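Here's the structure, in structure tokens; my notes come after.
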Amino acid sequence: MGLLSGKYAKATALSKTDIRNNPPPWLIYFNKKGADKAHLARIGAISDILTTQGRTLVQGALAWIWAKHPSCTPIPGIRTLAQAKENLAAVQFGPLTQTQMLEIDNVLAPDPFQVENSL
């Protein structure tokens with residue numbers, strides 16, 4: 001719901017009528033204070049990989065989906081013509097490489113100490 005667009009920062013306030021302002025339990029990327037800090041940090045940790053070759057963060061997210069499997073087809077939501085053009089322009093870059101996918105997996109891999117300490 002927009003977190004990978006890069007437009008939500010820790011201090012971004014949501015409108016009172018925005019579903020993300022009072023998210024349902026399944027919407028873990030936002031809370032009553034806005035974008036979830038832990039998820040923003042995870043995106044920040046992989047943003048350099050996603051934006052290689054001049055991609056935008058959104059284009060990198062689409063490239064990640066394409067790289068997961070040849071038959072994966074993302075269906076991105078759009079509200080503006082600019083967003084549609086940005087999504088369409090992602091095609092020129094194609095999927096992320098296997099090396100990039102491994103880099104992302106390594107960055108996002110669970111910390112064994114956190115898992116161990118949470119048991």
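Each value in this text was obtained by applying a stated rule to the coordinates, not by laboratory testing. Every value quoted in this text rests on a predicted model; they were computed, and no experiment measured them. FYI the Cβ positions are ideal-geometry reconstructions off the backbone, even for glycines, and counts take in every protein chain you see.
Could you state the number of Å between the C-alpha centres of the range 3-56 and the range 76-104?
Each part reduced to its Cα centre gives a spacing of 17 Å.
Determine the sum of side-chain charges near Asn87: Lys and Arg each +1, Asp and Glu each -1, restricted to other residues whose C-beta is under 13 angstrom from that of Asn87.
Details: positive: Arg55, Arg79, Lys85; negative: Glu86.
So the environment of Asn87 carries a net charge of +2.
Using the Cα gyration tensor of the chain, with a ≥ b ≥ c the square roots of its eigenvalues, what is the shape: rounded (a/c below 1.5), prolate (a/b larger than b/c) or oblate (neither)? Could you put the intermediate results ahead of the total?
Numbers: a/c = 2.00, a/b = 1.10, b/c = 1.82.
Taking the square roots of the gyration eigenvalues as a ≥ b ≥ c, the chain is oblate.
Based solely on its DSSP helices, what 222 nm [θ] is calculated for the chain when runs of n ≥ 4 H residues each add -39,500 (n - 2.57) and the sum is averaged over all residues, nearest 500 deg cm²/dmol?
-13500 deg cm²/dmol
So, in the range 3-109, how many Lys pairs have Cα atoms under 20 Å apart, if the pair is 8 or more places apart or on different chains?
Pairs that pass both the separation and distance tests number 11.
Hey, can you grab everything whose amide H is under 5 Å from the amide H of Phe30? Only 5+ residues off in sequence or another chain; H modelled, so Pro and N-termini drop out.
Asp36
If you average the sequence gap of Cα pairs under 8 Å that are 6 or more apart and divide by the length of the chain, what percent do you get for the contact order? It would help to have the intermediate numbers written out before the result.
Details: 110 pairs, mean separation 24.3, N = 119.
Relative contact order here is 20 percent.
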